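Comments concern the structure below.
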Ligand code: AHM
Ligand code: MG
């Protein structure tokens with residue numbers, strides 16, 4: 001059997017003693033370690049009383065009901081980042097940037113617990129992260145440190161807490177999948193240079209929102225539903241977990257598209273997903289795996305944020321299918 005490559009050895013080789021890369025490697029290692037603790041909590045499920053319960057009456061900064069585990073996950077990540085060169089943390093659960101280290105040179109953005117509506121249903125949830133460089137000389141106002149197009153990311157990834165805890169990561173040189181080995185406690189490299197097939201017959205969308213959709217989205221799904229005899233001339237399959245990390249991992253494994261567009265509902269004009277800590281990291285991972293990510297028309301990584309918690313319509317996955325969706329708009 002060939003020798004296993006752990007996250008530690010992978011990052012050591014990638015960093016190669018370079019100070020900037022070592023800072024990124026240490027930060028990702030800290031997030032992965034926090035993820036193992038969050039996975040344990042998630043796995044304890046109903047035994048860990050109250051983790052799925054709603055906390056207080058106010059929604060979180062992103063506008064959703066905040067669950068106990070959302071908050072605990074954020075605390076775990078913040079604690080893990082303290083010894084790393086992270087200057088600021090942006091999080092779905094906090095209105096403004098959280099200062100971490102005064103001399104830090106990175107800014108980290110996270111969705112601490114993606115898919116939190118699934119917490120009490122024994123379905124995969126996860127943690128999403130995005131890392132950008134931070135230079136106090138350039139970003140004189142820290143509040144703008146994360147307000148840059150996603151093409152500035154130096155690393156991104158997500159952990160999914162499912163039957164296995166997996167880490168899907170990019171450092172700008174392809175996308176890699178690591179699996180947490182419960183016996184050794186290490187993340188082990190399982191797939192390098194992940195490649196999302198360009199073509200697919202599988203789409204993921206919350207179809208119960210169809211009556212709210214705008215015309216292009218409705219037509220796209222109707223054409224998929226028409227199957228072999230319709231304009232797409234093939235039978236489609238539909239899959240929707242309701243945790244983006246789980247739907248994304250399926251797409252990294254066998255292709256497909258994930259679609260959450262804006263619709264006519266109040267508050268859903270730009271869909272449901274957040275640009276900085278959900279769409280940017282997913283788009284970086286997907287592009288590094290030869291897929292595509294748009295807001296329907298525009299490349300996600302080119303979008304300039306205007307607000308830390310802003311939402312964005314999101315389409316990602318198999319390149320040809322993402323382009324097909326754009327042709328409906
Ligand atoms: P969250 O970060 O508050 O969990 O919200 C994001 C989630 C995604 O994981 C998922 O794809 C989507 O919201 C599900 O939305 P819906 O409940 O409309 O199916
Ligand atoms: Mg989320």
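Every number in this text was worked out from the coordinates using simple rules, so none of it is lab data. Quick caveat: nothing in here was measured; it's all calculated off a predicted structure. So basically every Cβ, Gly included, is an ideal-geometry build from the backbone, and we count neighbours across all protein chains shown.
Here are the numbers for the structure shown:
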quantity: Two-site FRET efficiency, residue 140 against residue 95, from Cβ-Cβ distance with R₀ of 25 Å, rounded to 0.05; calculated: 0.75
quantity: Protection-proxy order for peptides 205-217, 74-86, each taking the mean of Cβ atoms within 10 Å per residue, highest first; calculated: 74-86, 205-217
quantity: Sequence-separation-based contact order of the range 225-273, relative, with Cα cut under 8 Å and 6+ spacing, percent; calculated: 17 percent
quantity: Label zone at residue 212, where the point sits 7 Å out along the Cα-to-Cβ direction: the range 299-329 residues whose backbone N lies under 20 Å; calculated: 309-316
quantity: 16 Å reach of a label modelled at residue 228, 7 Å along Cα-to-Cβ, counting backbone N of the range 185-219; calculated: 201
quantity: Contact order normalised by residue count of the chain, Cα under 8 Å, 6+ apart, percent; calculated: 16 percent
quantity: Full-extension gain in nm, residue 102 to residue 79, via 0.36 nm per residue minus C-alpha separation; calculated: 6.8 nm
quantity: Approximate spin-label separation residue 44-residue 179, in nm, with each point projected 7 Å along Cα-to-Cβ; calculated: 2.6 nm
quantity: Point-to-point label distance, residue 290-residue 198, nm (Cα→Cβ direction, 7 Å offset); calculated: 0.9 nm
quantity: Length released on extending from residue 304 to residue 151, taking residue separation times 0.36 nm less the Cα-Cα span; calculated: 54.1 nm
quantity: Order by protection proxy (mean Cβ within 10 Å, highest first), peptides 91-101, 269-279; calculated: 269-279, 91-101
quantity: Ordering of 18-24, 310-316, 231-237 by burial proxy (mean other Cβ atoms within 10 Å per residue, highest first); calculated: 310-316, 18-24, 231-237
quantity: Calculated FRET value between residue 54 and residue 327, using beta carbons and R₀ = 41 Å, to 0.05; calculated: 0.50
quantity: Expected 222 nm ellipticity per residue - DSSP helices of 4 or more, -39500 (n - 2.57), all of the chain, to 500; calculated: -8500 deg cm²/dmol
